[in-house]
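Student: My questions all concern the structure below.
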Amino acid sequence: MRTAVLLSMIALGGALQAQTIFTSDLEAWTGNVPDGWVGAKTNFPQQDITQASTNPHGGLYAVNLNNDTSGHKRFTTTQQTVVAGTAYTISFWVRGQGEVRTGLFDGRPGGSSGYSPYNNYVTVSSNTWQQVSQTVSCANDTVGAEFIISVRNTIAPDHIVIDDVNIEQAGPPAPTSIYAIQYTTDINGASPLTNQGVLTGGIVTGVVPSGNTKGYYLQAGTGSWSGIFVLDPTNTVTRGDSVTLGATVEESFGYTRLASVINFAIVSSGNTLPAVTDVTTTQANTEPYEGVLCKVSNVPCAVAPNSFGEWMLFSGDSLMVDDQMFAYPAVVGTNYDVTGCMFYSFGKYKIEPRDANDVSLANGIADAGLFSTVTMGPVPATDVLYITLGELSGSRVEYTFTDVTGRTVATGSFNGQRNSINVSSLITGSYIVTLRTAGAVSSTRVVVQR
């Protein structure tokens with residue numbers, strides 16, 4: 001399988017051939033505007049784009065860009081034709097003082113207003129010319145693309161001076177493993193390949209069908225550093241698909257993901273998913289398991305679902321359970337086994353169950369002892385549910401009866417050997433009975449039938 005995926009990736013990459021699509025030596029100007037520049041996405045004031053005739057890199061002229069604010073401004077080409085699935089290298093010479101980076105407007109769908117992710121800023125602090133080369137990836141066929149030079153924090157007298165710009169179709173990136181994308185020693189968890197184009201592949205372990213995180217989780221192998229989330233509003237996948245794709249590595253508020261997908265291909269379908277990685281709540285809150293299909297076991301719900309569908313597990317460390325793919329009506333005090341893909345947002349790691357099979361009741365800490373002697377019946381119950389406490393007889397046992405929405409429908413306590421709960425007022429359906437003693441908790445699903 002790995003050989004097949006690698007060959008497919010190489011074949012996709014090999015289809016790209018370098019080709020120059022735009023070049024500008026900044027020699028020709030019409031009025032106060034350099035020819036081929038100041039496209040519709042330019043937001044530099046006209047007076048801050050000036051002709052530089054002192055110390056050009058080549059020829060007689062260069063362009064001087066003045067933006068001494070911390071907010072970036074765009075200096076863009078006129079409209080160009082670009083092809084989805086293609087990477088482009090933007091190279092130029094620069095001197096002066098300030099920060100400069102590149103980007104692309106291609107009208108792509110999604111929440112970026114049509115812009116690609118920007119590359120990292122390059123700090124310029126010398127009047128000696130230096131060459132900068134950065135790559136952007138196109139995600140939408142268009143004749144209205146504009147390549148962007150983004151500038152901020154410039155300092156007089158020269159600010160930023162640009163000359164001899166060349167844009168060409170980039171050669172294919174080398175195939176890169178998910179491990180190589182994710183593994184990092186950075187204290188903030190940033191990928192070493194942030195803002196770079198990569199060609200990678202893996203098995204789809206979870207699918208987010210809609211919303212602003214529409215996409216899927218991709219995994220190659222098992223364990224730490226083996227998974228990653230792909231933001232992809234365009235392509236349709238199912239669990240078990242083996243896919244290859246090109247994409248840009250992004251850091252989105254501390255979460256490493258792939259975006260701006262190109263050269264997408266489904267190699268095969270129906271593959272066995274990577275084995276679930278068992279983790280503690282402490283391990284789940286760490287960078288190595290970001291994007292990985294994980295499972296936490298026998299952990300109690302400490303905080304009920306909020307208005308965003310999030311609820312909290314706690315066992316040594318807290319772990320948020322989120323509803324990116326599936327919402328579950330958890331009950332406080334009930335122990336659960338939860339499987340899901342690891343996500344990160346708003347400063348918290350979150351486990352994302354994919355469907356109802358990923359959340360199941362787990363017995364509490366006394367499961368192997370006293371609670372194992374408790375019995376309930378009949379199944380299904382009609383008017384009365386009988387609970388025999390077994391070895392818990394004589395102890396105070398509190399019970400909570402909840403429906404599938406998490407609403408409490410009955411509470412009480414008992415300590416006798418044989419006890420009963422009146423269920424005659426309940427509608428047909430599944431319910432969860434949670435029993436608590438001073439030191440343990442156990443939950444069981446029961447059915448009421450009218």
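Student: Taking L65 as the residue in question, decide whether it is crowded, with 18+ Cβ neighbours inside 10 Å, at pLDDT 95 or above and within 26 Å of T200 (Cβ to Cβ).
Tutor: Numbers: crowded, with 18+ Cβ neighbours inside 10 Å: yes; at pLDDT 95 or above: yes; within 26 Å of T200 (Cβ to Cβ): no.
For L65, the condition - crowded, with 18+ Cβ neighbours inside 10 Å, at pLDDT 95 or above and within 26 Å of T200 (Cβ to Cβ) - is not met.
Student: Out of the stretch 399-440, which residues are touching a strand residue (DSSP E or B) at 6+ places or on another chain (Cβ under 8 Å) and hydrophobic (A, V, I, L, M, F, W, C)? Write out each step before concluding.
Tutor: From the stretch 399-440, those touching a strand residue (DSSP E or B) at 6+ places or on another chain (Cβ under 8 Å) are 399-404, 408-415, 417-424, 426-437; that's our starting set.
Hits for the stretch 399-440 are F401, V404, V409, A410, F414, I421, V423, L426, I427, I432, V433, L435.
Student: Identify all residues within the stretch 162-206 that are at pLDDT 95 or above, more than 17 Å from A265 (Cβ to Cβ) and in a strand (DSSP E or B); write none if there are none.
Tutor: If the condition is that a residue be at pLDDT 95 or above, more than 17 Å from A265 (Cβ to Cβ) and in a strand (DSSP E or B), then I162, D163, D164, V165, N166, I167, E168, T205, G206 are the ones that fit.
Student: A further question on this structure: Can you name the residue in the stretch 155-166 that is among the β-branched types (V, I, T) and over 16 Å from T42 (Cβ atoms) and, of all such residues, is surrounded by the most Cβ atoms within 10 Å (Cβ to Cβ)? Quick ask: steps written out before the conclusion?
Tutor: We begin by selecting, within the stretch 155-166, every residue among the β-branched types (V, I, T); these are 155, 160-162, 165.
If we keep only those that are over 16 Å from T42 (Cβ atoms) too, we end up with 155, 161.
Values: I155: 14, V161: 26.
For the stretch 155-166, the residue satisfying everything is V161.
Student: Scan the stretch 111-135 for residues that are within 28 Å of the chain's Cα centre (by Cα) and either surrounded by 18 or more Cβ atoms within 10 Å (Cβ to Cβ) or aromatic (F, W, Y) (or both) and jot them down. I'd like the intermediate steps shown before the answer.
Tutor: Of all residues in the stretch 111-135, those within 28 Å of the chain's Cα centre (by Cα) come to 111-122, 133-135.
G114, Y115, S116, P117, Y118, N119, Y121, Q134, T135 - these are the residues of the stretch 111-135 that are within 28 Å of the chain's Cα centre (by Cα) and either surrounded by 18 or more Cβ atoms within 10 Å (Cβ to Cβ) or aromatic (F, W, Y) (or both).
Student: Somewhere in the stretch 186-206, is a residue surrounded by fewer than 18 Cβ atoms within 10 Å (Cβ to Cβ), over 30 Å from Q79 (Cα atoms) and among the hydroxyl-bearing types (S, T, Y)?
Tutor: No: the stretch 186-206 contains no residue that is surrounded by fewer than 18 Cβ atoms within 10 Å (Cβ to Cβ), over 30 Å from Q79 (Cα atoms) and among the hydroxyl-bearing types (S, T, Y).
Student: Kindly list the number of the only condition in (1) in a loop (DSSP other than H, G, I, E, B); (2) surrounded by fewer than 20 Cβ atoms within 10 Å (Cβ to Cβ); (3) touching a residue at least 12 places away in the same chain (Cβ under 8 Å); (4) not β-branched (V, I, T) that fails for Q51.
Tutor: Evaluating Q51 over (1) in a loop (DSSP other than H, G, I, E, B); (2) surrounded by fewer than 20 Cβ atoms within 10 Å (Cβ to Cβ); (3) touching a residue at least 12 places away in the same chain (Cβ under 8 Å); (4) not β-branched (V, I, T) leaves (1) as the failure.
Student: Within the stretch 77-102, track down each residue that is among the small types (G, A, S), at pLDDT below 95 and part of a strand (DSSP E or B). Outline the logic, then answer.
Tutor: In the first step, residues of the stretch 77-102 are kept if they are among the small types (G, A, S); the result is 84-85, 87, 91, 96, 98.
If we keep only those that are at pLDDT below 95 too, we end up with 84-85, 87.
The one that is among the small types (G, A, S), at pLDDT below 95 and part of a strand (DSSP E or B): A87.
Student: Restricting attention to the stretch 111-126, which residues are touching a Lys or Arg at 6+ places or on another chain (Cβ under 8 Å) and assigned to a strand (DSSP E or B)? Walk me through how you get there before you give the answer.
Tutor: First pass over the stretch 111-126, keeping only residues touching a Lys or Arg at 6+ places or on another chain (Cβ under 8 Å): 114-116, 118-122, 124, 126.
Of everything in the stretch 111-126, those that are touching a Lys or Arg at 6+ places or on another chain (Cβ under 8 Å) and assigned to a strand (DSSP E or B) turn out to be Y115, V122, V124, S126.
Student: Inspect all residues belonging to the stretch 22-37 and state whether any of them is touching a residue at least 60 places away in the same chain (Cβ under 8 Å) and under 37 Å from the mean Cα position of the chain (by Cα).
Tutor: There is at least one residue in the stretch 22-37 that is touching a residue at least 60 places away in the same chain (Cβ under 8 Å) and under 37 Å from the mean Cα position of the chain (by Cα).
Student: Related question: Write out, first by first residue and then by second, each pair whose Cβ atoms fall under 9 Å of each other, whose residues are 6+ apart or on separate chains, and whose first residue, in the stretch 89-112, is closer than 16 Å to Q196 by Cα while the second is part of a strand (DSSP E or B) and among the basic types (K, R).
Tutor: As it stands, the answer is R101/R152; G103/R74, since those pairs meet every condition given.
Student: With the requirement that a residue be of a type in the set (S, T, N, Q) and outside any loop (DSSP other than H, G, I, E, B), what does the stretch 436-450 give you? So that I can check it myself, show each step before the final result.
Tutor: Kept after step one, since they are of a type in the set (S, T, N, Q), are these residues of the stretch 436-450: 437, 442-444, 449.
Of everything in the stretch 436-450, those that are of a type in the set (S, T, N, Q) and outside any loop (DSSP other than H, G, I, E, B) turn out to be S442, S443, T444.
Student: Does V296 satisfy the condition of being of a type outside the set (D, E, K, R) and in contact with a Phe, Trp or Tyr (Cβ under 9 Å, 6 or more places away or on another chain)?
Tutor: Values: of a type outside the set (D, E, K, R): yes; in contact with a Phe, Trp or Tyr (Cβ under 9 Å, 6 or more places away or on another chain): yes.
Yes: the conditions hold for V296.
Student: Could you list, in sequence order, all residues of the stretch 234-248 that are out of contact with any strand residue (DSSP E or B) (no Cβ under 6 Å at 6 or more places or on another chain) and either without any contact (Cβ under 8 Å) to a residue 12 or more places away in the chain or buried (at least 18 other Cβ atoms within 10 Å of the Cβ) (or both)?
Tutor: Looking only at the stretch 234-248, we keep the residues that are out of contact with any strand residue (DSSP E or B) (no Cβ under 6 Å at 6 or more places or on another chain), and these are 234, 236, 238, 240.
T236, the sole residue that qualifies.
Student: Can we say V409 is out of contact with any helix residue (DSSP H, G or I) (no Cβ under 8 Å at 6 or more places or on another chain), not acidic (D, E) and not in a strand (DSSP E or B)? Talk me through it step by step, then tell me what you get.
Tutor: Working: out of contact with any helix residue (DSSP H, G or I) (no Cβ under 8 Å at 6 or more places or on another chain): yes; not acidic (D, E): yes; not in a strand (DSSP E or B): no.
Taking the combined requirement at face value, the residue does not satisfy it.
Student: Take the conditions within 22 Å of W225 (Cβ to Cβ), in contact with a Pro (Cβ under 8 Å, 6 or more places away or on another chain) and crowded, with 19+ Cβ neighbours inside 10 Å and apply them to I178. Does it pass? Step through it out loud before you land on a result.
Tutor: Values: within 22 Å of W225 (Cβ to Cβ): yes; in contact with a Pro (Cβ under 8 Å, 6 or more places away or on another chain): no; crowded, with 19+ Cβ neighbours inside 10 Å: yes.
In short, no.
Student: Filter the stretch 400-425 down to the residues that are of a type in the set (A, V, I, L, M, F, W, C) and without any contact (Cβ under 8 Å) to a residue 24 or more places away in the chain, then identify the one that is surrounded by the most Cβ atoms within 10 Å (Cβ to Cβ). It would help to see each step written out before you state the result.
Tutor: First, pick out the residues of the stretch 400-425 that are of a type in the set (A, V, I, L, M, F, W, C): 401, 404, 409-410, 414, 421, 423.
The next check asks that each one be without any contact (Cβ under 8 Å) to a residue 24 or more places away in the chain; those that pass are 409-410.
Working: V409: 15, A410: 17.
By that ranking, first place goes to A410.
Student: Given the residues R74, R108, which is the only one that is in a strand (DSSP E or B), under 24 Å from G144 (Cβ atoms) and not assigned by TED's automatic domain parsing to the domain that holds A259?
Tutor: Numbers: R108 fails: in a strand (DSSP E or B).
After applying the criteria, what remains is R74.
Student: Next up: Might you let me know whether the stretch 206-228 holds any residue that is on the phi > 0 side of the Ramachandran plot and assigned by TED's automatic domain parsing to the domain that holds I49?
Tutor: No, the conditions are met nowhere in the stretch 206-228.
Student: Pairs please, first residue from the stretch 255-271 and farther than 28 Å from K350 by Cβ and at pLDDT 95 or above, second anywhere and hydrophobic (A, V, I, L, M, F, W, C) and surrounded by fewer than 16 Cβ atoms within 10 Å (Cβ to Cβ), Cβ atoms under 7 Å, 6+ apart in sequence or on different chains.
Tutor: V267/A4
The values are calculated or read from the model by the stated rules, or taken from the named source; none is laboratory data. Keep in mind that this is a model prediction, so the values were computed, not measured. Every residue, glycine among them, receives a Cβ derived from its backbone with ideal geometry; neighbour counts consider all protein chains shown.
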